Amino acid sequence: MKATFRIGGVHPHDNKQYSVHQPITECPLPAKAIIPLVQHIGAPAQAVVEKGQKVKVGELIAKAGGFVSANIHAPFSGTITKIDTTIDAWGMKMPAIFMDVEGDEWLETIDRSKDIVRKLDYDPKAIIDKVQEAGIVGLGGACFPTHVKLLPPPGKTAEVLIVNGVECEPYLTCDHQLMLEHGEEIIIGIQLLMRALNIEKAIIGIEANKPDAIKHMTALASKVLGIEVKALKLKYPQGGEKQLIDACIRRQVPSGALPIEVGAVVDNVATIYAVYEAVQKNKPLISRVMTVTGKSLAKPGNYDVRFGTPLTEVVALAGGVPEDTGKVIGGGPMMGRAMSNIDMPSNKRVSGLLFLPEAESLRQEITNCVRCGKCIGACPMGLEPWLLSKQAWHSMWDEMEDHNIMDCIECGCCQFTCPSHLPLLDYVRMGKAKVGGIIRARQAANK
Amino acid sequence: MKQLIVSPAPHFHSGDSVRKNMLLVIIALLPAYAVSVWQFGWGAFITTAISVAACVLFEWLIAKYILKQKSTIGDLSAVLTGLLLAFNLPSNLPWWIVIIGALVAIGVAKMSFGGLGQNIFNPALVGRVFLLISFPAQMTTWPVPQGFATSYVDAATGATPLAAMKVALTGSDSMMSAVPEMWDILIGKMGGSLGEVSALLLLAGGIFLIATRVITWHIPVSIMATVALFAAVTGWAGMLPESVCTGEYVMLSLCTGGMMLGAWFMATDYVTSPMSNWGKIIFGVGIGVIVMVIRTWGAYPEGMSFAILIMNACAPLLNLIRPKRFGEKKKA
């Protein structure tokens, strides 16, 4: 029996056939780029360049706005044209640096060769500094600054690094392809993080629908002491941090706590590849692999896209917007966000672009709740979505808090499984925002 | 470019629907229904056709003329209610009694609460129990299974195995000879409500429902485990007549009367059963205990309908049981 998390979960069709095993292709450079200054959780980055300034690829253009924030480096060489507000891929207004792309001139300190640097000669502090300097954030979707996770709060110690190679979102294949093409670099990145955290154990969790990645990573990991590959049973949302920890080491992170509470640090394979590049190649985080996919797309595939590239250019590379498109999703279909247009620039958060045909874009007509309890069975956090949605409808905020609304990870299992097509998560999300606000106000008042 | 559709995640659905679940339950009932027609002939067919047609008609009429809302007959729940009601009736029940049952089931038990998903009690069972109390003679006259030789109006009638057992339990041991052989019970060659006779195929239908994820194991398994345990304890306590061994009594308790139909198809009704796993287990244990208490000491030979209806009333209370939260520690 393969391991998996113990509560809830659903089995959506994975639909990875469109882009699976497509080699990672570099996206051509655009003529103009817009680099948003909020590409992570935490404070916005502060621009450190001026209008008219010339920059090279890899140069720092915006500095982290606090401890929980991340540096942003120039993904292109060229001239800064203005620092203004833009609308990012999610439709949010935010500050951004606009630039004209001229040539492709890199900083000399960056090692651009294809050779793998295997020598490990950094101490923990140097590794963490490099990760922080390179602006690395969790590329699995949350975009939490990685260096913060590497510095456990006082009194807590890390015991095991859990590497997220699950990619449980349907359609997405970028992490899978990254493991196949850059497995060795990922193993080196894991060793770097193990050193930074001063731990001796790492577990790479990969779902059973990627047998070649499991085989490849197992072969590579067998040469290194302390790294184990764990094949996991196919089940969504296994890539959720708490679920993955439960699946890999059978420990459940308590409500409201961080993974470090049970001695775990979780990082995505793409993040770890970025750590390798930052430490061993001196290359900051300026691009990521994105899956561009969909049933009707001409050339679905996995593309290496520098941040700030207009998404239209990425789409053009994949064969253009299909005729029947109804919805474009940034990320996967379970947790990704629908975009109102695709003229926006790519950023650290967008792990994929999914084109859904119009027929699959609309929700079905809702009917009465039949109390089947399938949402309870599906919820990986052990919540009662039907009840929470009713409480949100009736503005019963205290009751929602009492029923652990803040534990919800917004994975969408409840709504996915509901035979009455009720918008359960819409209500839960609304209630969660409201209850979160009430809790914060109460904490502020009690200080 | 044309306008894109925007909505919050998730953008993906399992494809499950109320109609699909209802259809799967109907499919799961068909093999057992085929046995009913084979055993009881035209009566089984006529009663079922009247019941289903009446239920659908009443739901449509009430939605259109009284509630003035969109018709919900497309979700097939009225078809299923009609089918289940018929399964709980003797195959020679006069047609007008069947129609009264359908009116009570749909009109009183379902639509007066607001339609699908709102009712407290299982509609088909409310219809059946109403008929049982109002027409006790017709509702407890069981045709002897003779295939298509069984006529709809003037069928030869006999006792059900449970009725025979009841008499045997209360002293006259000789009545045990009226209880059919185990194999006849399994294939449905016994008196009883038209749909409850084939224990084997009802069990197969229930397993089909678990395999297709329409229901979970919690309710049926907890009911049957409780019934088996109760029957075994009755045997060990020396309450059985000498001619019946404990094992036989356990099997008879599980396979006769409305046990299989009730445990797999009636108690598992989404709307009227609890939603969490522990709630479902307590619900099932409650049904098991009540049905055996009625069978052993009650005035009726069978108590499945009453047991389910009583526990239906407890479902809202059982819904207060919270599922185990992720990361929840056991209280010290």
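Testing A:Pro23 on (1) surrounded by fewer than 16 Cβ atoms within 10 Å (Cβ to Cβ); (2) not in a loop (DSSP other than H, G, I, E, B), one condition comes back false. Which one is that?
(2)
Considering only residues of region A:365-379 that are within 7 Å of chain B (Cβ to nearest Cβ) and assigned to a loop (DSSP other than H, G, I, E, B), which is surrounded by the fewest Cβ atoms within 10 Å (Cβ to Cβ)?
A:Asn368
Quick check on region A:389-400. Is at least one of its residues modelled with pLDDT under 95, over 21 Å from A:Gly8 (Cα atoms) and among the aliphatic types (A, V, I, L, M)?
no
Is region A:386-404 home to any residue that is within 22 Å of A:Glu167 (Cβ to Cβ) and more than 7 Å from chain B (Cβ to nearest Cβ)?
Checked region A:386-404: no residue is within 22 Å of A:Glu167 (Cβ to Cβ) and more than 7 Å from chain B (Cβ to nearest Cβ).
Of all residues in region A:169-212, how many are among the polar types (S, T, N, Q) and either over 30 Å from A:Ile329 (Cβ atoms) or within 14 Å of chain B (Cβ to nearest Cβ) (or both)?
Here the count works out to 2.
Report, ordered by the first and then the second residue, all pairs with beta carbons closer than 8 Å, sequence separation of six or more or different chains, a first member in region A:330-347 that is touching a residue at least 60 places away in the same chain (Cβ under 8 Å) and within 7 Å of chain B (Cβ to nearest Cβ), and a second member that is of a type in the set (Phe, Trp, Tyr) and crowded, with 24+ Cβ neighbours inside 10 Å.
Final answer for the pair search is A:Pro333/A:Tyr171; A:Pro333/B:Phe12; A:Met334/A:Tyr236; A:Met334/A:Phe416; A:Met334/B:Phe12.
When you scan region A:399-427, how many residues do you find that are under 25 Å from the mean Cα position of the chain (by Cα) and either on the phi < 0 side of the Ramachandran plot or buried (at least 24 other Cβ atoms within 10 Å of the Cβ) (or both)?
Going through region A:399-427 one residue at a time, the tally reaches 17.
Return yes or no: is B:Gly303 among the small types (Gly, Ala, Ser), touching a Lys or Arg at 6+ places or on another chain (Cβ under 7 Å) and modelled with pLDDT under 95?
Criteria met by B:Gly303.
Of everything in region A:306-329, what is within 12 Å of another protein chain (Cβ to nearest Cβ), of a type in the set (Gly, Ala, Ser) and part of a loop (DSSP other than H, G, I, E, B)? Give them in sequence order.
Scanning region A:306-329 gives a single hit, A:Gly320.
Output the residues belonging to region A:381-419 that are acidic (Asp, Glu) and assigned to a helix (DSSP H, G or I).
A:Asp398, A:Glu399, A:Glu401, A:Asp402, A:Asp407
Can you confirm whether A:Asn282 is closer than 21 Å to A:Gly189 by Cα, in a loop (DSSP other than H, G, I, E, B) and not β-branched (Val, Ile, Thr)?
Yes.
Yes or no: region A:348-359 includes at least one residue that is within 14 Å of chain B (Cβ to nearest Cβ), more than 14 Å from the chain's Cα centre (by Cα), in a loop (DSSP other than H, G, I, E, B) and surrounded by fewer than 23 Cβ atoms within 10 Å (Cβ to Cβ).
Scanning region A:348-359 turns up no residue that is within 14 Å of chain B (Cβ to nearest Cβ), more than 14 Å from the chain's Cα centre (by Cα), in a loop (DSSP other than H, G, I, E, B) and surrounded by fewer than 23 Cβ atoms within 10 Å (Cβ to Cβ).
Select from region B:247-280 the residues that are of a type in the set (Gly, Ala, Ser), buried (at least 24 other Cβ atoms within 10 Å of the Cβ) and within 14 Å of another protein chain (Cβ to nearest Cβ) and list them in ascending order.
Answer for region B:247-280, where residues must be of a type in the set (Gly, Ala, Ser), buried (at least 24 other Cβ atoms within 10 Å of the Cβ) and within 14 Å of another protein chain (Cβ to nearest Cβ): B:Ala267, B:Ser273, B:Gly279.
Taking A:Ala264, is it within 13 Å of another protein chain (Cβ to nearest Cβ) and aliphatic (A, V, I, L, M)?
yes
Filter region A:165-216 down to the residues that are over 26 Å from B:His13 (Cα atoms), of a type in the set (A, V, I, L, M, F, W, C) and assigned to a strand (DSSP E or B) and list them by number.
A:Ala202, A:Ile203, A:Ile204
I need a count of the residues in region A:92-138 that are within 29 Å of A:Thr81 (Cα to Cα), part of a loop (DSSP other than H, G, I, E, B) and β-branched (Val, Ile, Thr).
3
Looking only at helices (runs of 4 or more DSSP H) that lie completely in region B:45-163, which have at least 1 residues being under 24 Å from B:Val271 (Cβ atoms) and of a type in the set (Val, Ile, Thr)?
The qualifying helices (runs of 4 or more DSSP H) are B:77-87, B:95-102, B:123-134.
Only one of these conditions is not met by B:Gly15: (1) within 12 Å of chain A (Cβ to nearest Cβ); (2) under 22 Å from B:Arg213 (Cβ atoms); (3) touching a Ser or Thr at 6+ places or on another chain (Cβ under 9 Å); (4) at pLDDT below 95. Which number is it?
It fails just one condition, (3).
Among the residues of region A:121-141, write down those that are modelled with pLDDT under 90 and either surrounded by fewer than 13 Cβ atoms within 10 Å (Cβ to Cβ) or touching a Pro at 6+ places or on another chain (Cβ under 8 Å) (or both).
Hit for region A:121-141 is A:Asp121, nothing else.
The values are calculated or read from the model by the stated rules, or taken from the named source; none is laboratory data. Please read these numbers as outputs of a predicted model, since none were measured by experiment. Every residue, glycine among them, receives a Cβ derived from its backbone with ideal geometry; neighbour counts consider all protein chains shown.
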